[in-house]
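Worksheet for the structure shown next.
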Amino acid sequence: MFISLWEFFYGHFFRFWMKWLLRQMTGKCELQRIFDTYVGAQRTHRIENSLTYSKNKVLQKATLVVQSEVDKCVEDIMKEKNINPEKDASFKICMKACLLQISGYKQLYLDVESVRKRPYDSDNLQHEKLLLKLWNLLMPTKKLKARISKQWADIGFQGDDPKTDFRGMGVLGLINLVYFSENYTNEAHQILSRSNHPKLGYSYAIVGINLTEMAYSLLKSEALKFHLYNFVPGIPTMEHFHQFYCYLVYEFDKFWFEEKPESIMYFNMYREKFHEKIKGLLLDCNVSLTLKI
């Protein structure tokens, strides 16, 4: 109740008068003051909030701009705020960079969601090739005897046909598994080997798909904004999402063995503990979670 009242008064009264007072004192609008004061994710985050809570329709719509219209949007903002490009030459550059990050994050979510919604189709040759590629990357010295085989358990799938394990995350889960195995092959082999530990072992592929869900949910909830705004100076793409997934896989394996769970039956509890740890790290405006090997 108290928080709701504060948000109402702040949004409708206090914020307006504070902005007016600061403009009179500095001769600059809120957007200019943010560019003068902040850098990195904190800058983009504050610009996004300023545009979102603005009463000016042009500024409000700027957070929804598509990448192809960013340049025009920047010009419209400068016109609305009476910003002279000769007096503030850096404004145009800074605003464009922020809008590309803001619009890029939204587009990245749409791209990831589109792949997630695509179910694994055993009649799709591309899907089948990708699945066999995963096997060959993880088991280069061991031939897969048949497409439907108990051998899939060797890399952590539950049944004889992995397609049933991709139901929740669609082909996104498979693409992530292949990306990690292809770009961090040595690490993938090490983690697969560790996942076969007699006491602390876990199902490598199933956990990998579970971590795809974690990465997806963090992206959807906008928890990845600070990380991506710091990590990517321009437009965040699927490549950057895959990189974050790789970070999760590597760090979860370390976390699992450090925690030493009594049994795989406690997986959900430790998974949630790891999830909370990552969410805590992502609250830092200077965060950049990259895989360091």
Item checked: the range 198-220: number of residues that are open to solvent by 30 Å² or more (accessible area, probe 1.4 Å), touching a residue at least 40 places away in the same chain (Cβ under 8 Å) and part of a loop (DSSP other than H, G, I, E, B) -> 1
Check: Just checking, which of 158, 107, 126 is assigned to a helix (DSSP H, G or I) and more than 30 Å from residue 226 (Cα to Cα)?
Finding: 126
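Being open to solvent by 40 Å² or more (accessible area, probe 1.4 Å) and farther than 21 Å from residue 195 by Cβ is the requirement here; does residue 286 meet it? Break it down into steps so the answer makes sense when it comes.
On the way: open to solvent by 40 Å² or more (accessible area, probe 1.4 Å): yes; farther than 21 Å from residue 195 by Cβ: yes.
Here the answer is yes, as residue 286 does meet what is asked.
If only one of 90, 54 is assigned by the TED database to the domain that holds residue 38 and surrounded by 12 or more Cβ atoms within 10 Å (Cβ to Cβ), which one is it? If you could, list the steps in order and put the result at the bottom.
Values: 90 fails: surrounded by 12 or more Cβ atoms within 10 Å (Cβ to Cβ).
Unique residue meeting the criteria: 54.
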Next item on the list: Could you grab me the full set of residues in the range 67-81 that are farther than 13 Å from residue 56 by Cα and of a type outside the set (Lys, Arg)?
Entry: 67, 68, 69, 70, 71, 73, 74, 75
Notebook entry, point to check: What single numbered condition from (1) modelled with pLDDT under 95; (2) over 20 Å from residue 203 (Cβ atoms); (3) open to solvent by 40 Å² or more (accessible area, probe 1.4 Å) fails to hold for residue 183?
Noted result: (1)
Next item on the list: Give me the pairs, please: first residue somewhere in the range 156-174 and free of Cβ contacts under 8 Å to residues at least 12 places away in the same chain and at negative phi, second residue anywhere and exposed (fewer than 14 other Cβ atoms within 10 Å of the Cβ) and not small (Gly, Ala, Ser), beta-carbon distance under 6 Å, and either six or more positions apart or on two chains.
Entry: none
Notebook entry, point to check: Taking residue 269, is it open to solvent by 30 Å² or more (accessible area, probe 1.4 Å), under 20 Å from residue 110 (Cα atoms) and in the same structural domain as residue 168 (by the TED database)?
Noted result: no
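Which of the residues that make up the range 267-291 are touching a Leu at 6+ places or on another chain (Cβ under 8 Å) and either within 24 Å of residue 38 (Cα to Cα) or without any contact (Cβ under 8 Å) to a residue 40 or more places away in the chain (or both)? Reasoning before the result, please.
Of the range 267-291, the ones touching a Leu at 6+ places or on another chain (Cβ under 8 Å) are 278-279, 281-282, 287, 289.
Matches in the range 267-291: 279, 281, 282, 287, 289.
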Checklist line | Hey, residue 142 exposed (fewer than 13 other Cβ atoms within 10 Å of the Cβ) and touching a residue at least 40 places away in the same chain (Cβ under 8 Å) or not | finding: no
Item checked: Among the candidates 235, 191, 155, residue that is of a type in the set (A, V, I, L, M) and open to solvent by 40 Å² or more (accessible area, probe 1.4 Å) -> 235
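The values are calculated or read from the model by the stated rules, or taken from the named source; none is laboratory data. Being a predicted model, the structure only gives us computed values, none of them experimental. Because the Cβ atoms are built from the backbone with ideal geometry, glycine has one as well, and the counts that use them run over all protein chains shown. Please note that ligands, DNA and RNA were not included when accessible areas were found on the heavy atoms of the full protein model with its side chains. Shrake-Rupley method; radii C 1.70, N 1.55, O 1.52, S 1.80 Å.
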